[in-house]
Amino acid sequence: MPAAPPNAKPTRKFHFISGLPRSGSTLLAAILNQNPRFRAGMTSPLADIMGVVIAEMSSKNDFSFDVSDEQRIALLRGLVENFYAGQADAGVVFDTSRLWCSRMQLLQVLYPEAKVIACVRQLSWVLDSMERLVQRTPASVSKVFRFDTNTTVYSRIEALTDPRGMVGFAFQATKDAFYGPFAPGHLLLLTYESLSRNPAAAMRAFYQFIGEPWFDHDFDHIAYHADEFDARVGMPGLHTVRPKVEPVERAPILPREIFGRFINESFWIDPKNNISQVPVI
């Protein structure tokens, strides 16, 4: 293999942020973007686009017999790299999607050195945070609930926690990654509690996991919002990050029976569940 030209730029690295909604993924992206070598953002369409391409290369397409496995991998890898071609100055790219936890095997084939960071939070508080967003805009309706105006807190929780719902799918995908064979060395669970209460310690562990030199972040001046996207889905504030990283103590607004139903779902807390020794921050 010929040596690379002396002035050739090193190949950029790709990592993937996944996990539960309302668990700190946008906050993590806002922190990472302070590092000039990094590029991160809210949920991107890349994983969804990749799913369409995978389907079209399957037997769904009558001509798929003419697409080899090597071509499939090359096309998917090229899709990732070309999607971020406009951010040529970023040496490390973090793409965010709740789908990545369900595609650990694929990511290991495409990028064997890539890491997946799953942001997690107690499920009761995830659902409570979602309901809080809904109650902020009583005169509006969200795409998350298929624009159904005839809902209650009970039906909204059922819709969210359905296996195909916004929270239910993400929760099952995170468990799939956590218990799956591709977690060792590739998966990190970053808890919202740690990130909000002690961001410096959480981020130092994060940097160690991805193998990058430490960058001195300013946790008192964080900036990120995606007002246009949030308005499109009918949930203003869904991706708004407060300027200072700190925990916010509050009482739940969910009915006690709902909040209590999900209080013990944090599977990552019990060491007996962590057979693969997945690091949990």
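The values are calculated or read from the model by the stated rules, or taken from the named source; none is laboratory data. A quick note: this is a predicted structure, and the numbers were derived from the prediction, not measured. A quick note on method: Cβ atoms are made from the backbone with ideal geometry, for glycine too, and the neighbour counts reach across all protein chains shown.
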Find all pairs meeting these conditions: Cβ atoms under 7 angstrom apart; at least six residues apart or on different chains; first residue within segment 62-87 and free of Cβ contacts under 8 Å to residues at least 60 places away in the same chain and of a type in the set (K, R); second residue part of a helix (DSSP H, G or I) and surrounded by 13 or more Cβ atoms within 10 Å (Cβ to Cβ). R77/L110
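Which ones in segment 200-230 are modelled with pLDDT under 85, in a helix (DSSP H, G or I) and surrounded by 13 or more Cβ atoms within 10 Å (Cβ to Cβ)?
Hits for segment 200-230 are F229, D230.
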Can you name the condition, by its number, that M235 falls short on among (1) part of a loop (DSSP other than H, G, I, E, B); (2) modelled with pLDDT of 95 or more; (3) in contact with a Leu (Cβ under 6 Å, 6 or more places away or on another chain)? (2)
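For segment 29-136, which strands (runs of 3 or more DSSP E) that fit wholly inside it have 2 or more residues that are among the aliphatic types (A, V, I, L, M)? Break it down into steps so the answer makes sense when it comes.
Numbers: elements: 38-40, 92-96, 116-120.
The qualifying strands (runs of 3 or more DSSP E) are 92-96, 116-120.
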Looking at this structure, is D176 in contact with a Phe, Trp or Tyr (Cβ under 9 Å, 6 or more places away or on another chain), in a helix (DSSP H, G or I) and not basic (K, R)? no
For segment 85-98, enumerate the residues that are under 17 Å from the mean Cα position of the chain (by Cα), closer than 24 Å to G211 by Cβ and buried (at least 18 other Cβ atoms within 10 Å of the Cβ). V93, F94, D95, T96, S97
Which of the numbered conditions does L107 fail, given that it passes all the others? Conditions: (1) within 20 Å of P181 (Cβ to Cβ); (2) surrounded by 14 or more Cβ atoms within 10 Å (Cβ to Cβ); (3) without any contact (Cβ under 8 Å) to a residue 60 or more places away in the chain. (3)
Considering only residues that are in a loop (DSSP other than H, G, I, E, B) and of a type in the set (V, I, T), which ones fall in segment 137-152? T137, V141, T149, T151, T152
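Within segment 35-45, does at least one residue satisfy the condition of being among the hydrophobic types (A, V, I, L, M, F, W, C) and at pLDDT 95 or above? Write out each step before concluding.
Filtering segment 35-45 down to residues among the hydrophobic types (A, V, I, L, M, F, W, C) leaves 38, 40, 42.
From what's left, at pLDDT 95 or above: 38.
Scanning segment 35-45, I find at least one residue that is among the hydrophobic types (A, V, I, L, M, F, W, C) and at pLDDT 95 or above, so the answer is yes.
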